[in-house]
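Just so it is clear, none of the values below were taken in a lab; they were calculated from the coordinates. Quick caveat: nothing in here was measured; it's all calculated off a predicted structure. Virtual Cβ from ideal backbone geometry, glycine too; neighbours counted across all protein chains shown.
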Amino acid sequence: MFNLSGTELVFIAVLGLIVLGPEKLPGAMRKAGKIYREFRNITSNVQREVNKVMEEPMRQVKSLVEEPANELKKSAKDTNDIFAGKMPHLERKPAADATAPATDAAPGVAAPENAAAEVATPVTAAPPPDNTSN
């Protein structure tokens, strides 16, 4: 706690011997040891109480931080799957009958029954509202 080296402790002991004398030094050292022990017990009790009081709020803060982080990880995984070509929500299931004609579809993707019916229609945005009226 005080970060004293051996030479500093010897210097303090010699200084105490000179100031207090050989008769009073052992009693003073005992008293200093008791005071230090009591101080250490008080600080550890305070630290324990603070940790106990802060435990629940810290748990709540942790859950508030982890919840969006988990959502972010999930969306990042979904994004990585899309860029890697893994799009299970867009993959077609194989047709029930295996006699469907072969097409140039990607491997593992069943050919549509009526290819002409699957022509994509372009999606257009609605025109902006007319703001000319005052």
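Some points to look at:
- Percentage of interatomic Cα-Cα distances in the stretch 15-60 larger than 16 Å: 59 percent
- Here the gap between GLU49 and LYS62, fully extended at 0.36 nm per residue and compared with their Cα-Cα distance, gives a gain of 2.7 nm.
- Sites VAL14 and ASN41 - FRET efficiency at Förster radius 22 Å, r taken between beta-carbons, to 0.05: 0.15
- Between ASP130 and LYS74, full extension at 0.36 nm per residue minus the direct alpha carbon distance yields a gain of 16.1 nm.
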